[in-house]
Amino acid sequence: MSEQIKQDRAPSRKKIPVLAFLLIPAALIVGAGLLFQADIGQRVYERLATQRAQFDRMATLEPGLHVAFCGTGAPLPDPSRAESCAIVIAGNNLFVIDSGSGSTVNIAGMGLAPDRIKAVFLTHFHSDHIADLGNLALQRWVNGAHTRPLTVIGPSGVEQVVAGFNLAYARDQIFRPAHHGENVVPSSGGGLLAAAFELPERVTPPAKETPVDIYSADGVSVTAMRVDHDPAAPAVAYRFEYAGRSVVFSGDLIMSRSPGFADFAQGADLLVVEGLQPSLLSVLEQNVIARGDPNLGAIMQDVLDYHTTPAEAADVAQLAQASALILNHVVPPLPSRLLEPAFLRDAPSRFDGPVRVARDGMSVSMPEGSNEIQFGNWF
Ligand SMILES: [Zn+2]
Ligand SMILES: [Zn+2]
């Protein structure tokens with residue numbers, strides 16, 4: 001018995017020096033790391049800053065049409081999603097579609113220089129589509145010594161939005177040139193410049209809305225069509241064409257009251273439609289009412305009548321014979337990608353092409369001279 005105990009204990013006595021042999025150098029390394037933490041951090045920062053400064057996303061892209069998402073959320077707070085914002089890159093042109101809160105920082109985060117932005121297109125004037133305009137204009141201005149304000153293209157009413165931002169930023173637009181000098185931050189480049197377009201009169205179904213040509217330059221053409229997002233009117237969808245490829249952004253809309261949308265999106269390589277899943281939103285609604293917040297509960301009930309479900313988006317994508325569908329403006333917030341099937345429900349089975357839930361940083365490349373659609377991530 002005593003011999004047995006002796007045998008059992010013998011190996012554990014041998015382990016002590018081996019353990020010490022491993023732990024002491026590790027402790028020394030950790031100790032040195034703590035001691036030189038600031039210097040190590042400085043070196044790491046230098047390396048990261050150099051990599052970032054030298055990276056130009058646009059220079060890495062092959063010829064064609066490229067889309068990326070700088071904001072895929074909506075007003076219900078979602079820590080993983082900025083509010084509505086998308087990027088279109090066509091040749092040397094960089095366009096922004098909507099400028100929701102928190103989206104400007106994502107543009108830089110994707111390796112895109114804000115001073116390259118040529119124009120912003122607004123789908124409508126809800127706060128979650130315009131809140132970052134002031135910051136976007138500032139970043140473009142101070143990074144590029146621009147001498148003209150950032151152009152904001154939108155339906156009638158864009159003048160009022162732009163005038164409001166310009167008023168709010170008027171003092172800032174004096175401070176910056178005064179501090180940095182006219183050569184670095186020219187006064188004339190601050191703020192925003194509205195470029196409004198007119199829409200035809202609203203039609204009554206079964207008549208269809210008529211698209212209007214609103215932009216044509218450098219091989220890029222953009223058309224707009226009125227959609228129903230009442231009372232947030234006017235609201236429009238946009239179609240971008242470049243190098244034989246196309247993308248359609250629905251903006252916010254209720255699909256069943258937006259006649260002509262499927263025609264507008266016909267044959268698009270990429271269709272980006274807003275998506276609200278009522279079965280998930282009702283869970284939030286029940287919970288906010290249960291905690292004694294009927295106001296927010298009423299808002300969640302109200303929003304059902306001017307948005308589009310993933311199933312409706314898939315149906316219109318199928319009707320339009322689009323090649324791929326992305327659900328954007330994700331409502332309600334999804335705290336995990338594992339919840340995407342619950343958000344999409346049967347949408348993928350209603351459309352022949354790929355269906356994706358948009359995430360901040362997601363990209364889609366459509367190379368010239370092919371039918372390819374490449375999904376990626378620019379973060
Ligand atoms: Zn809206
Ligand atoms: Zn919205």
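Only the coordinates and a few stated rules stand behind these numbers; no lab work does. All of these numbers come straight from a predicted model, not from anything done at the bench. Cβ placement follows ideal geometry from the backbone for every residue including glycine, while neighbour counts extend to all protein chains displayed.
A few comments on the model shown:
- 0 to 90° range, to nearest 10: angle between helix 310-320 axis and the chain longest Cα axis: 50
- Reduced Cα scattering model of segment 175-280, Debye log10 I(q)/I(0), q = 0.15, 0.18, 0.19, 0.23 Å⁻¹: -0.73, -0.89, -0.95, -1.24
- Per residue, the average separation of C-alpha pairs within less than 8 Å and at least 6 apart gives the chain a relative contact order of 15 percent.
- 3J(HN,Hα) along segment 362-379: 5, 10, 9, 10, 10, x, 5, x, 8, 9, 5, 10, 10, 8, x, 9, 9, 7 Hz, from the Karplus curve 6.51 cos²θ - 1.76 cosθ + 1.60 with θ = phi - 60°, whole Hz, x for Gly and Pro.
- For segment 243-379: span of alpha carbons on each principal axis (Å, largest first): 57, 36, 23
- Working from Cα pairs under 8 Å separated by at least six residues, relative contact order for segment 76-234 is 18 percent.
- Put in line by how crowded their Cβ is, counting other Cβ atoms within 10 Å and starting with the fewest, Arg47, Arg239 read Arg47, Arg239.
- Principal-axis tilt of helix 278-290 within the chain, Cα atoms, nearest 10 degrees: 70
- With a cut-off of 15 Å between beta carbons, the residues surrounding Asp346 carry a summed charge of -2, where Lys and Arg count +1 and Asp and Glu -1.
- The angle separating the long axis of helix 158-168 from the principal Cα axis of greatest extent in the chain is about 50 degrees.
- Summing Lys and Arg as +1 and Asp and Glu as -1 over all other residues whose Cβ lies under 11 Å from the Cβ of Val273 gives a net charge of -4.
- Between segment 256-318 and segment 329-358, the alpha-carbon center distance in angstrom: 12
- The residues neighbouring Val222, those whose beta-carbon lies less than 13 Å from its own, together hold a net charge of -1 under the Lys/Arg +1, Asp/Glu -1 convention.
- Volume of the Cα convex hull of the chain, divided per residue and given in Å³: 243
- Fraction of the pair-distance distribution of segment 232-314 above 22 Å, Cα-Cα pairs, percent: 38
- Footprinting exposure proxy for Arg116, Arg43 (fewest neighbouring C-beta atoms within 10 Å first): Arg43, Arg116
- Taking amide H as placed 1.01 Å from N in the peptide plane, Glu368 has its amide H under 5 Å from the amide H of Gly64, Leu65, each at least 5 places away in sequence or on another chain.
- As a rough footprinting exposure proxy, the listed residues Leu271, Leu22 were ranked by other beta carbons within 10 Å of their own, and the order from fewest upward is Leu22, Leu271.
- Highest mean packing first, where packing is the average number of other Cβ atoms within 10 Å per residue, the peptides 256-266, 130-140 line up as 130-140, 256-266.
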